[in-house]
Amino acid sequence: MQNIVILTGAGLSAESGLGTFRDQHGLWTKYDLNDVATPEGFARNPALVHDFYNARRANCLGASPNAAHAALARLQRAAPDRVCLVTQNVDDLLERAGAVDVVHMHGQLNRALCADCGHRWDAPQVMAPSAPCPACARAATRPDIVWFGEYPYHLDRIDRALMRADLFVAIGTSGNVYPAAGFVQQAAAAGAATLELNLEASATAALFEDTRLGPASQIVPAWVAEVLAHWGG
Ligand code: OAD
C-alpha cells in the first residue's frame, strides 16, 4: 500500500457551488485580495473583512459535498494512516463527506481566532469586529483564515508527509500560491510519483508526471476507484 499525499484546492469544491479564486468569475475578480485577505486589510476595515467571510461561511453552510469529496473521504477511511489529505480550502466539505483527518493549511471558515491572545474557538455563523474573545475578552475577533503575508498552518506535518510520500496528487488547484504550489517539487525530490487532477492544466502542470483533465466530480471518483481496486487486489 502506498503513502499518498493529496493537496486540494478550490476546484474540488467548485461543483458544490463554492467559488474559485482565479477563474473567469473567481472571487479575486470581484474583490481585491489586499482588502479582504491580508492582515493590513483587516486592520484598515475589519467590518468589510468580516462581511466577506460571513458571506463565504453562509455559502458553505448552504453547500453539500460533491462526489469528489465523497471519493477522497472513502479513500482516506480505507487507509487513514496512508492517506494524508491537505487542503487549501477553508470549507468543511471533506469532513462532511466523512474524511477523518483533514489538514487545513489555510485555516477554516468555521473557526474564530483572537488576534490578540491567539485563542481559537468555533466561529458563530456571523462574526463582527466588536465580538469579544471568550478567553481574553478583547474585541480582536478574526476569522481563523491564513491571509497573504501569514504563514500557512501545519507545514511541519505536511513536510513530514511529503518526505515519505510514494504518490503526490494535486486536485483542483491553480498552482499559483506558495508554499502549496511547491509541494509537487518537494514530493518529487523525495521520490514520489506525481499526478495532477484538474479541469484544465494548472500553472505547475509541467512539474507533474501525469495529468488527468476533467471535472473533479468525475475524475476524482474514477482515480479513487483505481487506487482502491489496486489496494484490494
Ligand atoms: P484557484 O481559484 O486559484 O484555482 C482553482 C483551480 O481549480 C483551477 O486550476 C481550476 O482549473 C480548477 N477547477 C475549477 N473548477 C474545477 C472542477 N470542477 N474540477 C476540477 N478542477 C477545477 O484556487 P486555489 O488554487 O485553490 O488562499 O487557490 C489557492 C489559494 O489562493 C486559496 O487557498 C486562497 C487563494 O487566494 C487564501 O485565501 C490564503
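Values in this text are rule-based calculations from the coordinates and carry no lab data. Quantities reported herein were computed from a predicted structural model and do not represent experimental measurements. Reconstructed Cβ throughout: ideal geometry from the backbone, glycine too, with neighbour counts over all protein chains shown.
Go ahead and set up a Gaussian network model of the chain, Cα springs under 10 Å, then flag whichever of G172, G182, G149 fluctuates most. Of G172, G182, G149, the Gaussian network model singles out G149 as fluctuating most.
Counted as membrane-span-like here are DSSP H helices of the chain whose alpha-carbon atoms extend 15 Å or more along the helix's own axis and whose Kyte-Doolittle mean is -1.0 or above; these are 46-62, 67-78, 216-232.
So, counting K/R as plus one and D/E as minus one, what does the shell of residues with Cβ under 13 Å around E15 add up to? Result for the neighbourhood of E15: -2. Once the convex hull of all Cα atoms in the chain is built, its volume per residue stands at 115 Å³. Exposed loop sites here mean GluC sites (Glu not before Pro) with a DSSP loop assignment and at most 14 other beta-carbon atoms within 10 Å; the chain contains its longest site-free run at 1-149. Placing one equal scatterer on every Cα of the range 1-116 and applying the Debye formula, the log10 ratio I(q)/I(0) at q = 0.14, 0.20, 0.24 Å⁻¹ is -0.63, -1.11, -1.40. Using the alpha-carbon positions of the range 76-116, Rg (one decimal) and Dmax (whole number) come out as 11.8, 41 Å.
Largest GNM mean-square fluctuation across L12, L72, L155, computed for the chain with C-alpha springs under 10 Å, falls on L155. Please compute, over every Cα-Cα pair in the range 30-97, the percentage with a separation greater than 18 angstrom. Result: 52 percent of Cα pairs exceed 18 Å. Please work out the C-alpha center-to-center distance from the range 148-168 to the range 55-91 and express it in whole Å. Computed from Cα coordinates, the inter-centre distance equals 17 Å. In this Cβ point-charge picture (+1 for Lys and Arg, -1 for Asp and Glu), the range 59-114 has a dipole of about 100 debye about its Cα centre.
Its Cα gyration tensor gives the range 84-210 an equivalent ellipsoid; the semi-axes, largest first and in whole Å, are 32, 14, 13. Checking Cβ-Cβ separations below 4.7 Å across the chain identifies C60, C84 as cysteines lacking any candidate disulfide partner.
Structural descriptor for the chain: relative contact order 23 percent, calculated from alpha carbon pairs under 8 angstrom and at least 6 residues apart.
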